[in-house]
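These notes are about the structure you will find just below.
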Amino acid sequence: MDKAGTAEACAPLAGSEQITVATVPAAKQSFCSSVLGWLPLAYREELWHVLRLTGPLLISRILNFLLPFVTTIFCGHLGNAELAGYALASATINVTTTATGCGLALACDTLVSQTFGSKNLKRVGEILQRSILILSLFCLPCWAILINAESILLSMKQAPEVARIAQLYVMAFLPAVPAMFLHYLQVSYLQNQGIILPQMFTAAAANVLNLATNYILLHSLKLGVIGSAMANSLSQISICLLLFIYIRVKKLHVKTWDGWSTSALQEWGSYMKLAIPSTLMVCFEWWIYEIGGFLAGMLGEVDLAAQHVLLEIGSIAYMSDISVVFQCVCSGILLGAGKQKIAALSNLICYYCIGLPVGISLMFLAELRILGLWLGLLICVIIQACFFTTLIFKLNWKKATEQAQLTGDSSEVAYVQVSSREQEKSAVESECGEVKALLSVKQLVLRRGLALLSTVLILIAGVTVHLICPLPQAFIHSQSNLTVDFMNFSTPLNPLNLTLI
């Protein structure tokens, strides 16, 4: 009788050499055997490896969420207008920039995890280089939008004073945009190799630095809103630099990084085929929460400030909410399987066809205000979790595994276990019937040059709009005594009560 996965199957035969089957430490295996003895051995091993990664990953995510949360606390001491301004600035940055960078980096998640699993380590470095170049180009259009945040917020009927404060935060955040994008890629690069601790250590150090800079700039130097904006930007830059230094010092890049290569300029099309659905998936989800911030701004400064505080607290507390946990886990599984399009379509339908209409109705018609919006989002998330769970149980895992090793169609690039690029091209040819030719030097210069030119032109257009297009007349009147207003909101009337932090 086959007893694979049982304790009897792991026992050594008499007179034979004992062979260690499980890689789990003895103490941990004994604990798992006593508590989860009904699980097969393979399941217990996998559970132990998952839990071993979950702890540091959970801590690092919480520490990352604490960066904007600490900024929110300090802004709350400056006043409702300042906190509302930071809320609008945060929403604007998240909608236009953070969601874009996070979504584009998810393509790196999929490709690195599949390539690293195939033991094609040097290929991982090429994917990282390609990701860095693509995300660096996307910084320019994001800048073009951010420098016009003032006009955008005023066109959405936001309070002029709040829009002015939001613009200060946004302008101070511009240098942090490339650092934020690179940090997403650093985390993806390490996490998909099973390296979790570095991001936890650097996030902890960045939180200490963020707390210190906020205290010094706001409390000691009394720079008010500008000081808070500078501290927020410095925290994003510091976490990227600290993780980069850690990677270099500990030589975590040696096995996968073979130096910069022209291969990073190849295969942008296959990367964008994953990046665009990933970006849409993230944007559809993030935008709905930031739209809630804009809707709250229509109710007043107090509601906007309350919505932002609730969103920051929810960013930490959501990890223990069972419905959201299921939704996040299922989204991650779909990403790993390369099913970004399904996740993006699900986010679009659930959030914008169900959650947003229900939330707006409860918010305004039922006069539940912020509570109504969050009830609509709760209904949406529960429906989406049920859909994702059903989809994953019906997923053909054998086919998904094959597609992770070899491309599903001839237009994409295969990532298989190979020892050289010639073997890889041979594998793709045998699977797809043709080899995807690499671009020539002339084609690379033309295509990548056009990509760079287009992003630069977008930035120039954004700067031109910012300089030429005047602000609404009502906003100009609100700035008639700009010097006095600036001094009033920059210097709080009472000293900061930092005992709450």
query: Does region 439-453 hold any residues that are small (Gly, Ala, Ser) and either exposed (fewer than 13 other Cβ atoms within 10 Å of the Cβ) or in contact with a Cys (Cβ under 7 Å, 6 or more places away or on another chain) (or both), and which are they?
result: Ser440, Gly449
- line: Residue pairs qualifying under the 8 Å Cβ cut-off, at least six apart or on distinct chains, with the first in region 187-207 being at positive phi and the second being outside any loop (DSSP other than H, G, I, E, B), are Gly194/Leu53
task: Working only within region 194-247, note down all residues that are β-branched (Val, Ile, Thr) and in a helix (DSSP H, G or I).
output: Thr202, Val208, Thr213, Ile216, Val225, Ile226, Ile237, Ile239, Ile245, Ile247
message: Given the condition part of a helix (DSSP H, G or I) and within 18 Å of the chain's Cα centre (by Cα), answer yes or no: does some residue in region 161-173 qualify?
response: yes
query: Of all the residues that make up region 228-246, how many are modelled with pLDDT of 90 or more and over 20 Å from the mean Cα position of the chain (by Cα)?
result: 4
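Name the one entry in Ser228, Ser220 that is within 14 Å of Phe74 (Cα to Cα), polar (S, T, N, Q) and surrounded by fewer than 21 Cβ atoms within 10 Å (Cβ to Cβ).
Just one listed residue meets the conditions, Ser220.
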query: Does Gln158 satisfy the criteria of being outside any helix (DSSP H, G or I), in contact with a helix residue (DSSP H, G or I) (Cβ under 8 Å, 6 or more places away or on another chain) and of a type outside the set (Phe, Trp, Tyr)?
result: yes
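The values are calculated or read from the model by the stated rules, or taken from the named source; none is laboratory data. A quick note: this is a predicted structure, and the numbers were derived from the prediction, not measured. Note that we place each Cβ from the backbone using ideal geometry, even for glycine, and neighbour counts take in every protein chain shown.
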